[in-house]
Amino acid sequence: MGTAKDIIVKPISSRDANRVIKSLHYSGKVCNNSQLHFGVFLGGKCGGVLQFGCPLDRSKVLGLVEGTKWNNMMELNRMALAEWLPKNGESRSIAVCLRLIRKSYPHVDWILSYADGTQCGHGTIYQATGFVLTMIKTSKNLARLPSGNVIHKIALEVAPTRPRKELGGRSYFEITGGRYDFAKYIDEVGAELLDGHQLRYIFFINKAARKNLTVPEIEYSKIDELGIRMVRGNTIAL
């Protein structure tokens, strides 16, 4: 089937990328603010997609690296790769994407991404690619609806007045009295709060920008100290 070195990464349309994300990503959902879409191919067959774009709330993350302007960073919004890709296929894919961004978008100094240590993993691929770990926090932001779908509270907060199917056409603000109250929403729909962790990683395309990091760098070993190692949605005991 080939090795990781045989993988080809190239831009694809948002339509094709979203279709692949819906079929491969554990959430089954796309991120509408993605702007760059890279397809991962092996032997002419598409085995995944990586999507980059602006964060949902850029103002909250620009300060992570002092002096960052609005167009100096991007977020890895979605990454979904098929299990049949060869060993090291994930790290190969993301490394090629980062090289393509460096070449075509020289104004981008750093890439932000989050690892979902509640449903997916602690970020093994980011560690293998040289990302800097900058945050580990307990997550109280995800809930599983009675339908089985999982929702992040930010999906409610970015459009609090939008009618929602699970609320019978009512909006988030309608059932919370105009407040950001995730607990009230969970109670209203009979959802289950999911406990876990969120980990934040940064890759410095511009290596000089690393000295402007305004938050502490965290050793990868801290993940094991806290006992929160997770791969493919399964907690790994050491």
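The values are calculated or read from the model by the stated rules, or taken from the named source; none is laboratory data. Note that the structure is a prediction, hence the values are computed from the model and not measured. Quick reminder, even Gly has a Cβ in these numbers, built from the backbone with ideal geometry, and neighbours come from all protein chains shown. Accessible surface areas use protein heavy atoms only, side chains included; no ligands, DNA or RNA. Shrake-Rupley method; radii C 1.70, N 1.55, O 1.52, S 1.80 Å.
Of the residues I205, I228, I175, I151, the single one that is among the β-branched types (V, I, T), under 30 Å from V96 (Cα atoms) and out of contact with any Gly (no Cβ under 9 Å at 6 or more places or on another chain) is I205.
The set of residues in segment 201-212 being under 23 Å from F52 (Cβ atoms) and open to solvent by 30 Å² or more (accessible area, probe 1.4 Å) consists of N206, K207, A208, R210, N212.
Looking across segment 163-199, the residues that are over 23 Å from the mean Cα position of the chain (by Cα), surrounded by 17 or more Cβ atoms within 10 Å (Cβ to Cβ) and not hydrophobic (A, V, I, L, M, F, W, C) come down to R164, Y172, T176, D181, Y185, E188. Selection of helices (runs of 4 or more DSSP H) fully inside segment 156-227 by the criterion of at least 1 residues being modelled with pLDDT of 90 or more and touching a helix residue (DSSP H, G or I) at 6+ places or on another chain (Cβ under 8 Å) returns 172-176, 182-189. Quick check: anything in segment 52-64 in contact with a Ser or Thr (Cβ under 8 Å, 6 or more places away or on another chain) and aromatic (F, W, Y)? Among the residues of segment 52-64, at least one is in contact with a Ser or Thr (Cβ under 8 Å, 6 or more places away or on another chain) and aromatic (F, W, Y), which makes the answer yes. Among the conditions (1) assigned to a helix (DSSP H, G or I); (2) under 26 Å from K69 (Cα atoms); (3) in contact with a Pro (Cβ under 9 Å, 6 or more places away or on another chain), the only one that T134 does not satisfy is (1). Looking only at segment 137-153, residues that are surrounded by 15 or more Cβ atoms within 10 Å (Cβ to Cβ), within 22 Å of R229 (Cα to Cα) and among the basic types (K, R) come to 2 in all.
Identification of strands (runs of 3 or more DSSP E) wholly contained in segment 1-105 with 2 or more residues that are open to solvent by less than 60 Å² (accessible area, probe 1.4 Å) and closer than 19 Å to I125 by Cα yields 34-42, 45-53, 73-81.
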